[in-house]
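The values are calculated or read from the model by the stated rules, or taken from the named source; none is laboratory data. Because the structure is predicted, anything quoted here is derived from the model rather than measured. Here the Cβ is made from the backbone with ideal geometry for all residues, glycine too, and neighbour counts use every protein chain on show. Surface accessibility is based on the protein's heavy atoms, side chains included, excluding ligands, DNA and RNA. Shrake-Rupley method; radii C 1.70, N 1.55, O 1.52, S 1.80 Å.
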Amino acid sequence: MDLLRNMFSRKSGPSSRQIRRATKQVTQTHGDAAVRVSAMERLANWKTPEAAAALLRRFTIQVPQATMDLEEKQYTVQLLVQIGRAAVEPIVHHLRTEPEVTWPIRALREILPQPDFIACLQKLLESMSTGYTRWPEAKKVLIEHLPDEAFASMRDTTLRSVEDDDDDVCIAAIDYLARNGDEQVREHLLQVFLNADSRPRVRGRILDHFCELEWPVKGYRKKIEEAIEEPFYLTSKGTVKRRSH
């Protein structure tokens, strides 16, 4: 009778000790891969936020065998998707606090309907200032995963990201804006170009897009002529071209 009472009074889901043990196995970089994968599957089967948070730790390590590491991370994404909504909050926390976000954001995109996914990305990006960011690589990846369909709601947030101190973040924002841009974006990118006199990568990416899109520099021709450098040049029509060597 006591045994039955203990069984029914026990909390559903894994104990903290079980979570700790599985986390240790999931983050073991050496040894039998089967032990690591078995722990991953055990966490996924529990389907709790705590188990999802532990499963996310797989993205914080890299095993020596590159192919195995890639396959396990792909599998981890699948397992997080199987957990479903219970994994959302742990994934968002991971995106805020960890440098490696490429894999978790893929899982989040699969779990959430697109409007919720876009809203989540917007909230995350708005929480990151245009100044110092501990993990600029994470911010870049978030911008790279913005759906083009989200441009109307993400325009202002992405325009602010163009002012970021990190070149890679700035370039990711430039790429997204240029892909979906309008007259306001064109003018804003010209201003960014003029202000980026000590950032050749940023200037080069903006000019690449102006070449590709055949956007004119109207309203800024004189200033652009003074700032533009080889291999780029302005045509008589005020569009940007790149010289072929």
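Table for the structure above
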{"quantity": "Cα centroid separation - the stretch 182-219 against the stretch 78-153, whole Å", "calculated": "27"}
{"quantity": "Per-residue ³J(HN,Hα) for the stretch 138-145, Karplus 6.51 cos²θ - 1.76 cosθ + 1.60, θ = phi - 60°, Hz, x for Gly and Pro", "calculated": "5, 5, 4, 5, 4, 5, 5, 9"}
{"quantity": "Accessible-area order (highest first, 1.4 angstrom probe) of the listed residues Glu110, Glu72", "calculated": "Glu110, Glu72"}
{"quantity": "Solvent-accessible area of Thr97 with every protein chain in place, 1.4 Å probe, in Å² to the nearest 10", "calculated": "50"}
{"quantity": "Solvent-accessible surface (1.4 angstrom probe) belonging to Leu190, in square angstrom, nearest 10", "calculated": "10"}
{"quantity": "Long-range HN-HN contacts of Phe232 with modeled amide H, under 5 Å", "calculated": "Arg243"}
{"quantity": "Violating pairs (Cα-Cα greater than 23 angstrom) within the set Lys73/Lys139; Lys139/Lys223; Lys24/Lys47; Lys140/Lys223; Lys24/Lys73; Lys73/Lys140", "calculated": "Lys139/Lys223; Lys140/Lys223"}
{"quantity": "Helix-derived mean residue ellipticity, 222 nm - over the chain, DSSP H n ≥ 4, -39500 (n - 2.57), to 500", "calculated": "-20000 deg cm²/dmol"}
{"quantity": "Solvent exposure of the chain as accessible area per residue, Å², 1.4 Å probe", "calculated": "56"}
{"quantity": "Integer Hz, Karplus 6.51/-1.76/1.60 couplings in order for the stretch 82-87, x for Gly and Pro", "calculated": "5, 5, x, 4, 5, 8"}
{"quantity": "Within the accessible area of the chain (1.4 Å probe), percent carbon and sulfur", "calculated": "49"}
{"quantity": "In Hz, Karplus ³J(HN,Hα) per residue of the stretch 43-60 (6.51, -1.76, 1.60; θ = phi - 60°; x = Gly, Pro)", "calculated": "4, 5, 5, 6, 6, 10, x, 5, 5, 5, 4, 5, 4, 4, 5, 4, 6, 8"}
{"quantity": "Rounded to 10°, Cα long-axis angle of helix 200-213 versus longest principal axis of the chain", "calculated": "80"}
{"quantity": "Charge dipole (the chain, unit charges on Cβ, about Cα centre) - positive-most of Asn45, Gly181, Val63", "calculated": "Asn45"}
{"quantity": "With DNA, RNA and ligands ignored, accessible area of Glu163 (1.4 Å probe; Å², nearest 10)", "calculated": "90"}
